[in-house]
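**Q** The structure is given below, and queries will be raised subsequently.
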Amino acid sequence: MARGTDEARELPPVPEPLPAATTDAHTHALSTLEHSGLSVADALSMARSVNVTRIVEVGTDVESSLAAVALAQQYPQVVAA
């Protein structure tokens, strides 16, 4: 759902896979549900489908930094920062 509304947001098409495994070095995956309607698990699955095999989840304050650590504990392909 998009930004607190009942209106679904249309996502762009998934790009072609990258030629080599890649790390996305700055993400806010915990915001994906709010902004795109995707769960974190779905966003990670989509990333994997295009050869993004690791992400660095960045916190912006104490609360989101602790959430990034929890996310990294839940998903082995996530590193907290």
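Laboratory data are not the source of any read-out in this text; all were calculated from the coordinates shown. Nothing here was measured: the structure is a model prediction, and the numbers come from that model. When we count neighbours, we look across all protein chains shown, and the Cβ atoms used for this are built from the backbone with ideal geometry, even at glycine.
**Q** Go ahead and estimate [θ] at 222 nm for the chain from helices alone: -39,500 (n - 2.57) per DSSP H run with n ≥ 4, summed, over the residue count, rounded to 500.
**A** Using -39500 (n - 2.57) per qualifying helix, the result is -10000 deg cm²/dmol.
**Q** Just to be sure I understand: with springs between alpha-carbon atoms less than 10 Å apart, which residue in VAL14, VAL56, VAL69 has the highest mean-square fluctuation in the Gaussian network model of the chain?
**A** VAL14
**Q** Let me ask you something else. Residue by residue, what Karplus-based ³J(HN,Hα) values in Hz, rounded to whole numbers, does region 37-48 have, using 6.51, -1.76 and 1.60 with θ = phi - 60° and x for Gly and Pro?
**A** Once rounded to whole Hz, the list reads x, 8, 6, 4, 4, 5, 5, 5, 5, 5, 4, 4.
**Q** Next question. Loop-only check: which GluC sites (Glu not before Pro) in the chain are DSSP coil with at most 16 other Cβ within 10 angstrom?
**A** Answer by residue number: GLU7, GLU10.
**Q** Once you've got the GNM for the chain with C-alpha springs shorter than 10 Å, pick whichever of ALA20, ALA68, ALA29 has the biggest mean-square fluctuation.
**A** With Cα springs under 10 Å in the chain, the top fluctuation among ALA20, ALA68, ALA29 is at ALA20.
**Q** Among the trypsin sites (Lys or Arg not before Pro) in the chain, which ones are in a DSSP loop with at most 13 other Cβ atoms within 10 Å of the Cβ? Mind listing them?
**A** ARG3, ARG9
**Q** Grab the other residues whose beta carbon is less than 15 angstrom from that of ALA25, score K and R as +1, D and E as -1, and report the net.
**A** For residues surrounding ALA25, the net value is -1.
**Q** Sticking with this structure for a sec: Rounded to whole Hz and in sequence order, give me ³J(HN,Hα) for region 58-67 from the Karplus expression 6.51 cos²θ - 1.76 cosθ + 1.60, θ = phi - 60°, writing x for Gly and Pro.
**A** Per-residue couplings from phi come out as 9, x, 10, 7, 4, 4, 6, 5, 5, 5 Hz.
**Q** Does the chain come out rounded, prolate or oblate, given a ≥ b ≥ c as the square roots of the eigenvalues of its C-alpha gyration tensor, rounded meaning a/c under 1.5 and, failing that, prolate meaning a/b above b/c?
**A** oblate
**Q** I've got another one for you. Select from LEU11, LEU38, LEU66 the residue whose mean-square fluctuation is largest in a Gaussian network model of the chain (Cα-Cα springs shorter than 10 Å).
**A** LEU11
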